[in-house]
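Engineer: Sharing a structure below in C-alpha cells format, with a few things to ask.
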Amino acid sequence: MSGSDLPDYVKANRDHWTKNNAAYTDGRAEHAWNEQEISWGVWNTPESEVKVLPDVRGKDVIELGCGTAYVSAWLKRAGARRVVGVDITPAQLETARRMNAKSGLGLELIEANAEATGLPEGSFDLAISEYGASIWCDPYKWIPEAARLLRPDGELVFLRNSTLSILCAPDTGKVQEKLQRPQLGMNRMDWPDTKETEFHLGHGDLIRLLITSGFEIVDMVEIFASAEAVNHPFYGEYMSVEWARKWPSEEMWRARKRS
C-alpha cells in the first residue's frame, strides 16, 4: 500500500507520532531499550506481575506498531530467534534503527501499515502490540492481519486502554470519575484536540472479533496503578494515578490462533 493509498486516519496518526517522537519518544528511547525487566504501559507494570507473555525463546516475533521498538528489543534479549518491528511512522523507525545499530540486536524494522503489512502469512509465533496497532489501527483490519501472520497455535498479546477508562475520558482533558460517553457503537474515536484517531472496542465486540478471526482467548489482565506509581511525565495529562488506583486504566489481552 503506497502512501497515497493510506486511510486518512493512518496519515493523521503518522503526523501525530512524528510530533510525539520529537517531543518524547526519541529522547526516551535509550532508557526504554536498556530496561532490564520487561514492563508494560504507563505505570511500567512488571511482566513478572502481569504474567501474560508466552515463552519467546527460539520464537519468531512481530511487533505491530512498534514505534521506537523497545518492546522488540526486550523480546530479542529474552531469546526470540527473529524479531520484526512494523510501524508507519518514519521518524519513529529512524529512532528504532539508531538504537538497533547501537545495540547490535539485529531487529528487522519495516515501514508498513500494521493493518496490511504485506509480509508472508504464517511467518510468526507471536504477534505483540503495546499501544501500537492495538489502539491506532482499525481492529477489524489489524486483528485479522495478525491472525494471517501467525502460525497455528501462534499467540497474539496486546496492551490497550481499558474500556472503562475510555468511557470516562472526555473529548479533551483528563479522565473523569463519571461516564463521559456511551458504550453503544464504540470503536473509532477522533480526538478533536490532537487530530488523532484511536480505536476502542467494548469487551463483547472485541471478544467476538478475536473469535471470528480464528483466536481463542487465553487471558485478559486488568492493570491498575500501584501504590508506588506516579503520574506519567508525558501521558499524565490524560490519565491520573489517583484514578488508576481505583479502576483499571489498561488491559492486556492474550489470545491463541486455533490450529
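Engineer: Return yes when Y131 is surrounded by 24 or more Cβ atoms within 10 Å (Cβ to Cβ) and either aromatic (F, W, Y) or in contact (Cβ under 8 Å) with a residue 60 or more places away in the chain (or both) and no when it is not.
Structural biologist: On the way: surrounded by 24 or more Cβ atoms within 10 Å (Cβ to Cβ): no; either aromatic (F, W, Y) or in contact (Cβ under 8 Å) with a residue 60 or more places away in the chain (or both): yes.
So Y131 fails the test.
Engineer: Turning to a different aspect of this structure: Every residue in segment 90-114 that is among the basic types (K, R) and crowded, with 22+ Cβ neighbours inside 10 Å, please.
Structural biologist: none
Engineer: Has segment 57-72 got any residue that is without any contact (Cβ under 8 Å) to a residue 12 or more places away in the chain and on the phi < 0 side of the Ramachandran plot? Spell out the reasoning first.
Structural biologist: The initial filter retains those residues of segment 57-72 that are without any contact (Cβ under 8 Å) to a residue 12 or more places away in the chain, namely none.
No, segment 57-72 has no match at all.
Engineer: So which residues in segment 125-177 are of a type in the set (K, R) and more than 16 Å from the chain's Cα centre (by Cα)? Can you show your working first?
Structural biologist: The initial filter retains those residues of segment 125-177 that are of a type in the set (K, R), namely 141, 148, 151, 160, 174.
Of everything in segment 125-177, those that are of a type in the set (K, R) and more than 16 Å from the chain's Cα centre (by Cα) turn out to be R148, R151, K174.
Engineer: Out of L179, L164, L209, report the one residue that is closer than 16 Å to I135 by Cβ and touching a helix residue (DSSP H, G or I) at 6+ places or on another chain (Cβ under 9 Å). So that I can check it myself, show each step before the final result.
Structural biologist: Working: L179 fails: closer than 16 Å to I135 by Cβ; L164 fails: touching a helix residue (DSSP H, G or I) at 6+ places or on another chain (Cβ under 9 Å).
Answer to the check: L209.
Engineer: With the condition being aromatic (F, W, Y) and buried (at least 19 other Cβ atoms within 10 Å of the Cβ), I'd like the helices (runs of 4 or more DSSP H) fully within segment 1-89 carrying at least 1 qualifying residues. So that I can check it myself, show each step before the final result.
Structural biologist: On the way: elements: 8-20, 26-33, 47-50, 70-77.
Passing ranges, in order: 8-20, 26-33, 70-77.
Engineer: For segment 171-217, what are the residues that are more than 24 Å from A114 (Cβ to Cβ) and modelled with pLDDT under 95?
Structural biologist: Taking segment 171-217 as the starting set, the residues that turn out to be more than 24 Å from A114 (Cβ to Cβ) are 171-184, 192-193.
Selection gives D171, T172, G173, K174, P192, D193.
The values are calculated or read from the model by the stated rules, or taken from the named source; none is laboratory data. In this text the structure is predicted, and so the values were computed from the model without any measurement. Ideal geometry is used to build each Cβ from the backbone, glycine not excepted, and the neighbour counts take in all protein chains shown.
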